[in-house]
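Notes to accompany the following structure.
Quick note: the coordinates plus some simple rules give every number you see, no bench work behind them. Treat the numbers as computed from the prediction; the structure is a model and nothing was measured. Ideal geometry is used to build each Cβ from the backbone, glycine not excepted, and the neighbour counts take in all protein chains shown.
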Amino acid sequence: MTDEKLRKIMGSIPTEKYYPIKRILGLGTIASLSLSIVNTIPLVDYSLILLYLLNYLGYATMNNNRGIDFTKSYLELEQDYNTFLNNYRDLMNTLDMESLASLCASFYYLMKNGYLSLGGSFSSLRDDYFEGRKYQLTNIFNGCGICRHKANALKDILNTCGYPTSSIPVYTRKYEDFTREDIENIKKNLENVFRELEEDENLRKYAVEAFLNIEVITHQFEINNETNPKMQRKFEKKFGNHLIVLTSDGNKRIAYDPTDNFFYQFIDQNSIDIINEYGNRMELRFRRLFIANTPSQEKMFWKNLKLESRNLEGLREDQDDAEKRIQENLDIVEKFREENIPLMRDLRDKAYRLIV
C-alpha cells in the first residue's frame, strides 16, 4: 500500500480515534468487533469504521501499523512541518548553502548554537524529548535531543533540499566499553585543552564545548556502568547504538554524523565499515533500519548503498566555509528564527500532544 493510498483512506479519520478502534480490532470476531464498536464509540459512523477495517486488516499490519501517520491530525502536522522545511530551504538558498557539506555543517551549527530552538539553546543532556517515527525537528525546537533525533531531523532537511537521505543505525565503541582509567585519561586531556582554550581570547568560545565534552563523558560513563548489563551491550553490538545518516552527493554515497559533525567514507565498496578524517570507525547495522525510516526512505537507503563511495577530500573545508558564512550573516539567521518562532512553537506543541 502506497503512502498516497493510505492518505486517501485515512485522511478524514480523527487521530484520537485510531488506537481505540485498533484495540477493538484485536478482539477476534466480526460480531464482537461490531458490538464493541457500537458500545465503546457510539458516535463513530459506520463509514468511518469501514475505513479503519480496511486500513487495519488490509494494510496497516504490512506497514508497521503506519496508518496513524495518515490520520487527520498527523496530516495537519505534516503540512505545517513541510512549511517549516521549505522555509529552512529558502534560508539555505539565501545563504548560498547548496553543497551537501554546507547543509550538514549549517544544521550542526544552527542546532548547537540554539538558532533552531525556541529557548535559544540546545543540550544533549536533557531527557525531555519524545520518541516518534517522524517530525524529529520538533525535538530540536524544544532544545533537546540525542543522536536519533538529530539524525532524523537532518534527514528531513536534506531530503527537502534535494539530497536523498536515510537514517542508519551504526555500532560505535561506547563509554561502557572503556575502563575507568580510560575515562580519567580522556577527561584529563580535555581539561588540559579547556585550560589552554581559556587562556586564548580568540579560542575561548571553544572552551565551552570542551567543558561540555567533559560533562558528557562523565555522565554517560556513570549511567552506562550502572544501567547497561552485558546483555544490553550484546544487543547494541548486534543492532547498533548510534544513529547517523546515509546520503548521496551526485552519484556517490557518503555518511554523516550530525552528533559530532563528521563525514564518514566507506572503507571499500563492499564494506559495512565507515571511517572519518581522524580514523574513527563505525559499522553499519541493518536490523533496525525500518524503525527509523519510512518504506520509501528505506528503499532509498538500499539504492544509495549501491553507489560508489565518496572520499572525504574537500568536505572539511566546505564545512568550515559554511560555518564562517553563517557567522557573517547572523542577522539573516536571527530574522529567520524570529519569523519562524510561532510556527516552531505550534509544531512542537502539536507533536507533543499527538505523540507524548
Fill in the blank from the handout: Residue by residue through segment 282-295, the couplings from Karplus 6.51 cos²θ - 1.76 cosθ + 1.60 with θ = phi - 60°, in Hz, x for Gly and Pro, are 9, 10, 5, 10, 9, 5, 10, 4, 5, 5, 8, 9, 6, x
Problem - Residues whose placed amide H lies under 5 Å from that of Arg253, excluding near-sequence neighbours - result: Glu308, Ser309, Arg310
Fill in the blank from the handout: Taking R0 as 25 Å and r as the Cβ-Cβ distance between Lys303 and Ile272, the FRET efficiency 1/(1 + (r/R0)^6), rounded to the nearest 0.05, comes to 0.90
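I'd like the projected area of segment 232-352, averaged over all directions, using the convex hull of its alpha carbons. Report it in nm² with one decimal.
Working: hull surface 41.3 nm².
Average projection, Cα convex hull of segment 232-352: 10.3 nm².
Name the trypsin sites (Lys or Arg not before Pro) in segment 294-348 that are in a loop by DSSP and that have at most 11 other C-beta atoms within 10 Å, would you?
On the way: sites: Lys299, Lys303, Lys306, Arg310, Arg316, Lys324, Arg325, Lys335, Arg337, Arg345, Arg348; in loops: Lys306, Arg310.
Sites meeting the loop and neighbour criteria: Lys306.
Given a cut-off of 26 Å, name the pairs among Lys112/Lys134; Lys150/Lys299; Lys234/Lys306; Lys238/Lys306; Lys324/Lys350; Lys134/Lys299 whose C-alpha atoms lie farther apart than that in the structure shown. Mind dumping the intermediate values first?
Values: Lys112/Lys134 21 Å; Lys150/Lys299 21 Å; Lys234/Lys306 29 Å; Lys238/Lys306 22 Å; Lys324/Lys350 34 Å; Lys134/Lys299 17 Å.
Over 26 Å Cα-Cα: Lys234/Lys306; Lys324/Lys350.
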Exercise for the section: Rank these for me by crowding, Ile272, Ile244, going from fewest to most other beta carbons within 10 Å. Expected result: Ile272, Ile244
Practice task
List every residue whose amide H lies under 5 Å from the amide H of Phe262, counting only residues 5 or more places away in sequence or on a different chain, with H placed 1.01 Å from N in the peptide plane.
Solution key: Asp257
Practice task
Quick one: which residues, 5+ away or cross-chain, put their amide H under 5 Å from the amide H of Phe122? H built at 1.01 Å from N.
Solution key: Gly114
Fill in the blank from the handout: Diffusion coefficient in µm²/s returned for segment 296-340 by Stokes-Einstein, Kirkwood Rh over C-alpha pairs, 10 °C and 1.306 mPa s, is 116 µm²/s
